[in-house]
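Notes for the one structure printed next.
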Amino acid sequence: MILILVCGMSYGQVEIRGKVISELSKETLWYGYSIKPNIKEHPKSKPNESGEFIIEYLEPNKEYNIIISAIGYENQIFKVKTNESITYKTFELKVECFYSSEKAENDWKKGKPQFLLIGSIAPIGNTKSDNKFEKKHKIEYYDFGCEISNYECIELYNQKIAELMDKKYGKKWRKKARKDIIGI
């Protein structure tokens with residue numbers, strides 16, 4: 001009986017703790033992800049209010065494949081070997097940005113720049129002044145609606161477009177631009 005109790009206690013104290021960060025910004029992801037070891041019956045973990053996760057009830061000195069699912073990222077798998085108690089780990093999620101500062105520069109050169117917006121199921125349409133802004137500055141507002149893309153990639157794209165707009169038009173255009181442009 002004592003042996004079962006001791007084994008159960010040591011099994012329950014083995015954990016992986018840590019955080020998930022973005023490869024682009026090196027900042028902690030505070031929400032929008034789940035993390036799970038490759039154990040069929042093990043529940044997913046979500047970050048707490050400080051952006052940290054805890055995966056509990058693991059076996060000591062065992063290698064696990066940790067699966068991370070995050071909004072705007074492909075699912076990624078990391079190998080982690082536990083120790084006798086708590087293993088601390090920072091997972092850096094890699095992202096391939098379709099929208100990037102390089103794409104922004106290419107779109108600008110081709111005369112097809114956009115300001116990217118993240119809407120919802122019912123995106124906010126352009127007003128008459130938004131349509132005038134698009135025409136005057138030869139730019140298009142593009143709202144993803146509820147389609148999810150990587151937020152940081154969109155910020156990089158928009159920041160580059162804003163930088164190019166500043167060079168061409170000065171900073172006065174910013175007062176007339178939509179307020180829901182991400183990253184500027």
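Worth pointing out:
- Test for K176: is it over 26 Å from Y73 (Cα atoms), surrounded by fewer than 16 Cβ atoms within 10 Å (Cβ to Cβ) and out of contact with any helix residue (DSSP H, G or I) (no Cβ under 8 Å at 6 or more places or on another chain): no
- Any hit, the stretch 137-156, residues being aliphatic (A, V, I, L, M), closer than 30 Å to I54 by Cβ and either out of contact with any helix residue (DSSP H, G or I) (no Cβ under 8 Å at 6 or more places or on another chain) or not assigned by TED's automatic domain parsing to the domain that holds I54 (or both): yes
- The stretch 38-71, subset in a strand (DSSP E or B) and without any contact (Cβ under 8 Å) to a residue 40 or more places away in the chain, residue farthest from I118 (Cα to Cα): E63
- Of the residues making up the stretch 95-110, at least one is assigned to a loop (DSSP other than H, G, I, E, B) and closer than 18 Å to K19 by Cα.
- Filter result (buried (at least 16 other Cβ atoms within 10 Å of the Cβ) and of a type in the set (A, V, I, L, M, F, W, C)) within the stretch 50-77: F53, I55, L58, I66, I68, A70
- Output for the stretch 127-173, where each listed residue is within 23 Å of E74 (Cβ to Cβ) and part of a loop (DSSP other than H, G, I, E, B): F144, G145, C146, E147, I148, S149, N150
- Criterion (surrounded by 14 or more Cβ atoms within 10 Å (Cβ to Cβ), free of Cβ contacts under 8 Å to residues at least 40 places away in the same chain and closer than 25 Å to E27 by Cβ) met by exactly one of E155, E134, E147: E155
- Search result, residues across the stretch 108-135 that are within 16 Å of N158 (Cβ to Cβ), in contact with a helix residue (DSSP H, G or I) (Cβ under 8 Å, 6 or more places away or on another chain) and not aromatic (F, W, Y): P113, Q114, L116, I118
Residues are listed down the side, and each one gets a yes or a no for (1) modelled with pLDDT of 95 or more; (2) within 30 Å of F53 (Cα to Cα); (3) of a type in the set (S, T, N, Q):
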position	(1), (2), (3)
K94	no, yes, no
N106	yes, no, yes
Q114	yes, no, yes
G119	no, yes, no
T127	no, no, yes
N131	yes, no, yes
E134	yes, no, no
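- Across the stretch 102-109, not a single residue is classified as surrounded by fewer than 14 Cβ atoms within 10 Å (Cβ to Cβ), closer than 30 Å to A177 by Cα, assigned by TED's automatic domain parsing to the domain that holds G170 and touching a strand residue (DSSP E or B) at 6+ places or on another chain (Cβ under 9 Å).
- Which listed residue is out of contact with any His (no Cβ under 7 Å at 6 or more places or on another chain), hydrophobic (A, V, I, L, M, F, W, C) and free of Cβ contacts under 8 Å to residues at least 24 places away in the same chain, from A104, A122: A122
The values are calculated or read from the model by the stated rules, or taken from the named source; none is laboratory data. Not measured: the values here are computed from a predicted model. So basically every Cβ, Gly included, is an ideal-geometry build from the backbone, and we count neighbours across all protein chains shown.
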